[in-house]
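This report concerns only the one structure given below.
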Amino acid sequence: MKRLGKGGTLASRQALVHSLVHIESWAVDLSWDIIARFGSDLTYSLPREFFDDFVTVAEDECRHHELLKNRLEDIGSHYGAFAAHEALWDSAMATADSLPARLAVEHAVHEARGLDVMPLTIHKFRSNGDEQTAQLLEDVVYKEEITHCAAGVRWLSYLYHLAHNSQPEGSGTGSSEADSAVRSPEGSIPDWMAEARRHSGVETWFHELVKTHFRGSLKPPFNVEARAQAGFGPEWYMPLAMLPKFAATAKTLQQEFVGMQLQQTDAVATGATA
Ligand SMILES: [Fe+2]
Ligand SMILES: [Fe+2]
C-alpha cells in the first residue's frame, strides 16, 4: 500500500484525497445500513427523527463522496487508483448486532477521530498550496461531520434514556412508554436494555460498548471544541484514551516498524538480500 505522506507532493495529495473518497464511500453505505439493519427492530422504539437524521447523514456522505471524487480527478487521479484500508467496514461487522454499539463505534469513535485529524489534514493541503481541497474540507465536510458525530451521541443517549425510562435532556423524544413497548410477551427486556441499565450514566455505557466492540484505545490529541459541538465532553472519551506516555512509546515503536519496512522495501527494490 502506498503511504499517505505529508501532502507535499502531488502523489501524496492524491493518496490523501483518495483515502478520504474511500472513507466517504463507506460512510454512505453505513448511513443506509443503520436504517436498514436496525430501523425495524421494535425494541429500540425509534421515532421518525431517527430516520430523518440518518437520511440526512446519507445525503451529506453522498455529497462528500462526489465532491472529493471529482476533486481527486481534478488533481489527476481517480477512485480505485490506490489501495485503501477497511477499518470502517471491520467496525460495521463488529457492531452488526447492536444499534448502541454501532452508534458508539462508528459515530462517536471513528467519526469523532475524523474530527480530531481534520484540522491537520486541512492544514496539509493549505500549506502545500492546494487551497481548493482545503476549502472543500473546511467549508463542507468538516462542518457536516460534526453533525454526524452529534447524531451518534444523540441516539445513543436516547437509547440510554429509553432503557432507564427517563427523558433525554432538551429532547422531545420521550420514552415514558418505553418499557411496555419493548418488553417481550414473556416480560423480559432485550439484552441491550439490560446492559444499559447496569450503568448510572450514558458515558460509562459508552465505555463498555467501545471496549467490547472496538480494539485499541482512542488516540489523543482530541479536537475538544468540535467534540463539544457534537455534544460530548471529555468524560466520554478521556477514560478510553491512550495515556500520553504510552502513546509516545507506541508512536516510537510504529516509526521503528515503518522504518524497518522501508529498509526491507529498499532492499527488495535494489535487489539486495538479507
Ligand atoms: Fe462524510
Ligand atoms: Fe460522516
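Derivation of every value follows stated rules applied to the coordinates shown; laboratory data play no part. Small disclaimer: the values here were computed from a predicted structure and weren't measured. No Cβ is skipped: glycine too gets one built from the backbone with ideal geometry, and neighbour counts run over all protein chains shown.
Given contacts defined as C-alpha pairs under 8 Å and at least six residues apart, what's the relative contact order of the range 1-86, whole-number percent?
Dividing the mean separation by the residue count of the range 1-86 yields 44 percent.
Based on C-alpha pairs under 8 angstrom that are at least 6 apart in sequence, the range 10-242 has a relative contact order of 21 percent.
Phi angles of the range 105-110 translate, via the Karplus equation with coefficients 6.51, -1.76, 1.60 and θ = phi - 60°, into HN-Hα couplings of 7, 6, 9, 9, 10, 5 Hz per residue; Gly and Pro are given as x. Ranking of PHE222, PHE38 by neighbouring Cβ atoms within 10 Å, starting from the fewest: PHE222, PHE38. Working ranking of peptides 194-205, 155-166, 135-146 by packing, defined as the average number of other Cβ atoms within 10 Å per residue, highest first, is 155-166, 135-146, 194-205.
Note on VAL140 and SER217: the model spin-label points, each 7 Å out from Cα along the C-beta direction, lie 3.7 nm apart. Placing +1 on each Lys and Arg Cβ and -1 on each Asp and Glu Cβ, with no other charges, gives the range 10-242 a dipole about its Cα centre of roughly 540 debye. Straightening the chain between ILE75 and ALA87 buys 1.7 nm, computed as 0.36 nm per residue apart minus the Cα-Cα spacing. Looking only at the range 188-207, which residues have a backbone nitrogen under 11 Å from a spot 7 Å from the Cα of LEU240 in the C-beta direction? 203-207, by backbone N distance to the label point.
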